[in-house]
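All remarks here apply to the structure that follows.
The values are calculated or read from the model by the stated rules, or taken from the named source; none is laboratory data. All values reported here derive from a predicted model rather than from experimental measurement. With ideal geometry, Cβ positions are generated from the backbone for all residues, glycine too; neighbour counts draw on all protein chains shown.
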2 protein chains.
Amino acid sequence: MAHIAELIAVGTELLLGSIANTDAQILSRELSALGITVYYHTVVGDNPERLRRAVEVAKERADIIITTGGLGPTCDDLTKSVLAQCFGKELVFNQEAAKRMAAYFWRLHPDTGEMPENNYQQAWLPEGCVPFQNDWGTAPGCGFEAGGVRVIMLPGPPSECAPMFRHRAVPYLQDLTDGVIVSRSVRIFGLGESEVESLLREQMNAMENPTLAPYAKEGEVELRITAKAGDEDSARALIAPVEQQLLERFGELVYGVDEPSLEAVCLRLLREKGVTLSAAESCTGGLIAKRITDLPGASAVFKGGVVSYWSEVKHNVLNVPQPLLDRCGAVSQPVAGAMAQGVRTLTGSDLAVAVTGVAGPEPDDRDNPVGLVFAALSTPEGTYVREIYGAGSRERIRQVAANHALDLVRRYLTGLPF
Amino acid sequence: MAHIAELIAVGTELLLGSIANTDAQILSRELSALGITVYYHTVVGDNPERLRRAVEVAKERADIIITTGGLGPTCDDLTKSVLAQCFGKELVFNQEAAKRMAAYFWRLHPDTGEMPENNYQQAWLPEGCVPFQNDWGTAPGCGFEAGGVRVIMLPGPPSECAPMFRHRAVPYLQDLTDGVIVSRSVRIFGLGESEVESLLREQMNAMENPTLAPYAKEGEVELRITAKAGDEDSARALIAPVEQQLLERFGELVYGVDEPSLEAVCLRLLREKGVTLSAAESCTGGLIAKRITDLPGASAVFKGGVVSYWSEVKHNVLNVPQPLLDRCGAVSQPVAGAMAQGVRTLTGSDLAVAVTGVAGPEPDDRDNPVGLVFAALSTPEGTYVREIYGAGSRERIRQVAANHALDLVRRYLTGLPF
């Protein structure tokens, strides 16, 4: 039987436009991967009567209702009490949830374990529910079934909502999916979404099972192959030939399959090969280092780096020769190379990347245009510099520049040409 | 008479999670500024029957319905035909709209003026409507009134939706707005959301105009005061005493009013005072530098920094004495201070921040617990180190650690105690 989910986001801040409903985006993707169809998203404020009406409408058109938000102490745990009421449930005090919250506050205040009294409110959950432990914040979520409808409540902050869905709600929903849905993501760097899409459009339109869909990130494209079958092996067998075909078609532009990001691929390769890395960053201003150190375990191979935002830091710390800076300017091929060599010598790492460019919004003092970026890789065999013309916002230019630097590392470590 | 708007976004890509509903965020903000209340957002796919049902629900609970998306030729102008039908209108060919579209394509292809034939479809609009000329794309929008409901249709791409709302829909709605809504945000760092909330709960519940509402970010709280009045000055006069009271109550914990972020406050202060900054980062791994350089104009005062992820980089680049590292460990008060001093000397900046700590997921090799962080500020008058116990995910611990470092800069530059 096909299942239909409806997402209800609770929060006046959404209706005031303070934030966008990114929870709905994240959950929609995950549900689509599970083969569960979403027909509607609804957003409603912190108002019990209007939330009740939204739930009544949703009951008519979905058999899975997922709420996000309205679980914390500041909103009086609005969502839990309204949903419990809509489905004829009482709230009961969950000792286990209370204990977990207390433990969270002991970690927060190791001296006193002080927890504001109103936090205990969050331990009241609908009778007979499956509590979802919150390892990413305080408010627990939960799931229950009533009248043929599965109800799932998740916290609002995306940093809690997304992992709680994946680790708590997906197992809770597992029995609803008839057969399994398996997805594989082929990740491409170096071709725009519209180029990839026009190359594949006919093929994608002709496909039914598996399906093939492109998703664009900054300068990257993810091609997701999704197959539905009676069991996982059969689904994987449907995916395999399409995956093989994409690998052949896009060749070295494919940086990974089912990899979360370019930096994750680099980190894995560095660890496998026991190679260390450092970074010298001008226009990316720490973004490359930040992205690598977002990943647990980065310290095994990432030694660190230098953010040389000012030219004097390029000279004094990275030893970029002053005549080179004077002659070519900070945004130039030779300076990018010298920065990479400089940080590699300084930190004693095996490899080093460097980025210098104009992120905007204004051209630099030598009238280099916004978007001009040089990314360099220094290796024991020599130094390579790539020239990039980025477009879009400051944020996008910086992300794409970081992607290029990471792509150089990936190519070096897998023996591909630069 | 108070007006209630409902936003209906049309697009299967929203239900698949390919994009977030940022149109709803933009329009909600604008409507709130006009004094028009929004009770619900709905998202529905490119499906006539489900869109019709969403419109029927919206008619019951709003007197302004604004749709976004589903206007272009690729979706068969779904929204226009369904909305016209729901409100008993015929579609009629609008000569003026067709001419404008042709002109747009002449600008796009000055040689041929070539326009795909199906674009003419977009010139069919509900009878008696006010067409909204699209100067930012091709699909015209429109507004009409039927049965006491104002209906507004806008294109989906945010780059067309936002300006068309502002320049076409707002004038169309002007006669409906009785007064204006003004908001001010008081931003607090150093108290948790639930602590702020328990301090203010009684007051917030008792308030009607202006209202006061808390919003939490990582380690920060935003208190938003919102007033409604006949004109802007009167609304501001309602806000002023509440703002004053919050400033007195939270004192130096308030880092700004209507400021976007701690780093933006620091950047503004640094520029005002002509003071330069650098950063030495261990567990934040470049995040502080990244956040500061996210802001255009950072290069005027931010010289750069060092990501000293490995201890040998702390010693070799930042000159942290080896005996200190051996005796106290990399995650310690004296090492944080020495890192800040080291990067300040290295870059020749006036001020320097440093962060060292355990972001997790594992304790460090000296068994320091996850979440223990030291943030330091080095100044011409001396060095100060703050000890922090963070909780939550690796991402959250890093963000909060960066916030503390920035808070030290803010306090120093405004003459507050650390």
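Quick notes on this one:
- Boolean, A:Leu200 is hydrophobic (A, V, I, L, M, F, W, C), within 13 Å of chain B (Cβ to nearest Cβ) and part of a helix (DSSP H, G or I): no
- So A:Gly285, is it of a type outside the set (Phe, Trp, Tyr), touching a residue at least 24 places away in the same chain (Cβ under 8 Å), within 14 Å of chain B (Cβ to nearest Cβ) and part of a strand (DSSP E or B): no
- Looking only at segment A:1-47, residues that are among the β-branched types (Val, Ile, Thr) and crowded, with 24+ Cβ neighbours inside 10 Å come to 6 in all.
- Enumeration of residues in segment A:246-271 that are of a type in the set (Val, Ile, Thr) and buried (at least 16 other Cβ atoms within 10 Å of the Cβ): A:Val254, A:Val265
- Residue count for segment B:85-106, restricted to those that are under 29 Å from B:Arg53 (Cα atoms) and of a type outside the set (Gly, Ala, Ser): 9
- Considering segment B:344-387, and only residues there that are in contact with a Cys (Cβ under 9 Å, 6 or more places away or on another chain) and of a type in the set (A, V, I, L, M), the residue that is nearest to A:Gly137 (Cα to Cα) turns out to be B:Ala359.
- Subset of segment A:53-67 (residues that are charged (D, E, K, R) and in a helix (DSSP H, G or I)): A:Arg53, A:Glu56, A:Lys59, A:Glu60, A:Arg61
- Strands (runs of 3 or more DSSP E) (entirely within segment B:329-397) containing at least 3 residues that are surrounded by fewer than 21 Cβ atoms within 10 Å (Cβ to Cβ) and at pLDDT 95 or above: B:382-389
- Every residue from segment B:300-324 that is assigned to a loop (DSSP other than H, G, I, E, B), more than 7 Å from every other protein chain (Cβ to nearest Cβ) and within 22 Å of B:Leu372 (Cβ to Cβ): B:Leu318, B:Val320, B:Pro321
- Those strands (runs of 3 or more DSSP E) lying entirely in segment B:204-271 with at least 1 residues at pLDDT below 85, closer than 26 Å to B:Leu31 by Cα and within 14 Å of chain A (Cβ to nearest Cβ): B:211-217, B:220-229
- The residues of segment B:150-174 that are farther than 21 Å from B:Trp124 by Cβ and either in contact (Cβ under 8 Å) with a residue 24 or more places away in the chain or not small (Gly, Ala, Ser) (or both), listed by number, are B:Pro158, B:Ala162, B:Pro163, B:Phe165, B:Arg166, B:His167, B:Val170, B:Pro171, B:Leu173, B:Gln174.
- Scan segment A:45-75 for residues that are touching a Gly at 6+ places or on another chain (Cβ under 8 Å) and within 8 Å of chain B (Cβ to nearest Cβ) and the total you get is 2.
- Residue ID - farthest from the other protein chains (Cβ to nearest Cβ), chosen from residues in segment B:160-194 that are at pLDDT 85 or above and within 30 Å of B:Gln244 (Cβ to Cβ): B:Phe189
- B:Gly297, sole failed condition from (1) more than 10 Å from every other protein chain (Cβ to nearest Cβ); (2) modelled with pLDDT under 95: (1)
- If only residues of segment A:365-392 that are within 13 Å of another protein chain (Cβ to nearest Cβ) and in contact with a helix residue (DSSP H, G or I) (Cβ under 9 Å, 6 or more places away or on another chain) are counted, the one that is farthest from A:Ser282 (Cα to Cα) is A:Gly392.
- Residue match in segment A:151-166 (condition: surrounded by 16 or more Cβ atoms within 10 Å (Cβ to Cβ), among the charged types (D, E, K, R) and on the phi < 0 side of the Ramachandran plot): yes
- Checking B:Ala354, B:Ala336 one by one, the residue that is touching a strand residue (DSSP E or B) at 6+ places or on another chain (Cβ under 8 Å), of a type in the set (A, V, I, L, M, F, W, C), away from every other protein chain (no Cβ under 13 Å) and over 21 Å from A:Cys283 (Cβ atoms) is B:Ala336 and no other.
- Boolean, B:Leu295 is part of a loop (DSSP other than H, G, I, E, B), without any contact (Cβ under 8 Å) to a residue 40 or more places away in the chain, surrounded by 24 or more Cβ atoms within 10 Å (Cβ to Cβ) and touching a helix residue (DSSP H, G or I) at 6+ places or on another chain (Cβ under 7 Å): no
- Taken over segment A:272-282, the criterion of being of a type in the set (A, V, I, L, M), part of a loop (DSSP other than H, G, I, E, B) and surrounded by 24 or more Cβ atoms within 10 Å (Cβ to Cβ) is satisfied by no residue.
- Selection of segment B:10-44 for residues being among the aliphatic types (A, V, I, L, M), at the interface with chain A (Cβ under 8 Å from one of its Cβ atoms) and in a strand (DSSP E or B) yields B:Val38, B:Val43, B:Val44.
- Test result for A:Arg411, surrounded by fewer than 24 Cβ atoms within 10 Å (Cβ to Cβ) and either assigned to a strand (DSSP E or B) or in contact with a helix residue (DSSP H, G or I) (Cβ under 7 Å, 6 or more places away or on another chain) (or both): no
- From A:Gly137, A:Gly141, residue being within 17 Å of A:Asp76 (Cβ to Cβ) and either within 14 Å of another protein chain (Cβ to nearest Cβ) or among the small types (Gly, Ala, Ser) (or both): A:Gly141
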